[in-house]
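**Q** Let me give you the structure first, and then I'll get to my questions.
Bear in mind that the values in this text are calculations on the coordinates, not laboratory data. Computed from a prediction, not measured in an experiment: that's the story for all the values here. Cβ atoms come from the backbone with ideal geometry, glycine included; neighbour counts cover every protein chain shown.
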Amino acid sequence: MTKVTKSEEEWRAVLTPQQFAVLRKQATERPGTGEYNKHKEKGTYCCAGCGTPLYTSEHKFDSGCGWPAFFDCVPGAVEQRPDTDGRRVEIVCKACGGHLGHVFRGEGFRNSTDERHCVNSVSLRFAPPS
């Protein structure tokens, strides 16, 4: 995987203000407002910052949380690390370090990982199959 490194000014030049706030400053979009929350098309969800494929539609599910939810990611694409709040686990794009959201475990969703990757829509860009 190719690492993507840019200065803050370079990120500001290629991201919308909301994308910059979420991807680079760990903000969160309001629940129920993101374009991919109820999105059902087949395809791949890529990092809005660097274009790295992160999730597929086969792993997406409706968790009712107000953000897009996935139970697994593209192998090696997402890094999990302790959140600065000390309580949650943050998920970031492994290529560019962009903040995606958080991962939650053991919530009882019937999927193969018992995980919910709760992702900000603004962190993603959807690519239909070619």
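**Q** Based only on Cα atoms, what mean projected area does the convex hull of the chain have, in nm²? Kindly include the intermediate steps, with their values, before the conclusion.
**A** On the way: hull surface 31.8 nm².
With every direction weighted equally, the projected area is 7.9 nm².
**Q** Under a Cβ-Cβ cut-off of 12 Å, what is the net charge of the residues other than Leu54 that fall near it, where Lys and Arg count +1 and Asp and Glu count -1? Write out the running numbers ahead of the final one.
**A** Details: positive: Lys60, Lys94, Arg125; negative: Asp72, Glu79.
Once positives and negatives cancel, what remains is +1.
**Q** Name the lysines eligible as straight-distance cross-link partners of Lys42: C-alpha to C-alpha under 22 Å, and not fewer than 8 places from it in the same chain.
**A** Within reach: Lys60.
**Q** Quick check on the chain: helices-only [θ] at 222 nm, where DSSP H runs of length 4 and up contribute -39,500 (n - 2.57) each and the sum goes over total residues. Nearest 500, please.
**A** Details: 2 runs with 16 residues, N = 130.
About -3500 deg cm²/dmol.
**Q** If you don't mind, another one. Considering amide H positions built from the backbone, and no H for Pro or chain starts, which residues 5 or more places from Leu124, or on another chain, come under 5 Å of its amide H?
**A** Amide H neighbours of Leu124: Ala48.
**Q** Still on this structure, please answer the following. Give me the three principal axis extents of segment 37-110 from the C-alpha atoms, as integers in angstrom, largest value leading.
**A** 34, 31, 20
**Q** How large is ³J(HN,Hα), in whole Hz, for each residue of segment 104-110 in order, when computed from phi with the Karplus curve 6.51 cos²θ - 1.76 cosθ + 1.60 and θ = phi - 60°, using x for Gly and Pro?
**A** My calculation for segment 104-110 gives 10, 10, x, 8, x, 5, 7 Hz in order.
**Q** Compute a Gaussian network model of the chain, connecting alpha carbons closer than 10 Å, and tell me which residue from Cys73, Cys118, Cys65 fluctuates the most.
**A** Looking only at Cys73, Cys118, Cys65, the biggest GNM fluctuation is shown by Cys65.
**Q** Shifting gears a bit: Could you sort 53-64, 10-21 so that the peptide with the highest average Cβ count within 10 Å comes first and the rest follow in order?
**A** Details: 53-64: 17.2, 10-21: 14.8.
Result, highest mean first: 53-64, 10-21.
**Q** Just to confirm a number: summing +1 for Lys and Arg and -1 for Asp and Glu over residues other than Thr28 whose beta-carbon lies under 14 angstrom from that of Thr28, what do you get? It would help to have the intermediate numbers written out before the result.
**A** On the way: positive: Arg24, Lys25, Arg30, Arg88; negative: Glu29, Asp83, Asp85, Glu90.
Charge balance near Thr28 sits at 0.
**Q** GNM on the chain, C-alpha springs below 10 Å: top fluctuator among Gly51, Gly108, Gly86?
**A** So, out of Gly51, Gly108, Gly86, the one fluctuating most is Gly86.
**Q** Oh, and also: Across segment 49-61, in residue order, what do the Karplus-derived ³J(HN,Hα) couplings come to in whole Hz, using 6.51 cos²θ - 1.76 cosθ + 1.60 with θ = phi - 60° and x for Gly and Pro?
**A** x, 10, x, 5, x, 10, 9, 10, 5, 5, 9, 8, 8
**Q** Cα gyration tensor of segment 71-130, axes a ≥ b ≥ c as square roots of the eigenvalues: rounded (a/c below 1.5), prolate (a/b > b/c) or oblate? If you can, show how the numbers build up before the last one.
**A** On the way: a/c = 1.90, a/b = 1.16, b/c = 1.64.
Here segment 71-130 falls in the oblate category.
**Q** Moving on to the next point. Sort by residue number and report every cysteine in the chain with no other cysteine beta carbon within a distance under 4.7 Å.
**A** Cysteines of the chain left without a disulfide-compatible partner: Cys46, Cys65, Cys73, Cys118.
**Q** If the only charges are +1 at each Lys and Arg Cβ and -1 at each Asp and Glu Cβ, what is the size of the charge dipole of segment 8-127 around the Cα centre, to the nearest 20 debye? Show your work: numbers first, answer last.
**A** Numbers: 16 positive and 16 negative charges, 34 e Å.
That gives a dipole near 160 debye.
**Q** Once R0 is set to 30 Å, what does the formula 1/(1 + (r/R0)^6) return for the Cβ-Cβ distance between Thr2 and Asp85, expressed as a FRET efficiency to the nearest 0.05?
**A** On the way: r = 30 Å, r/R0 = 1.01.
That gives a FRET efficiency of 0.50.
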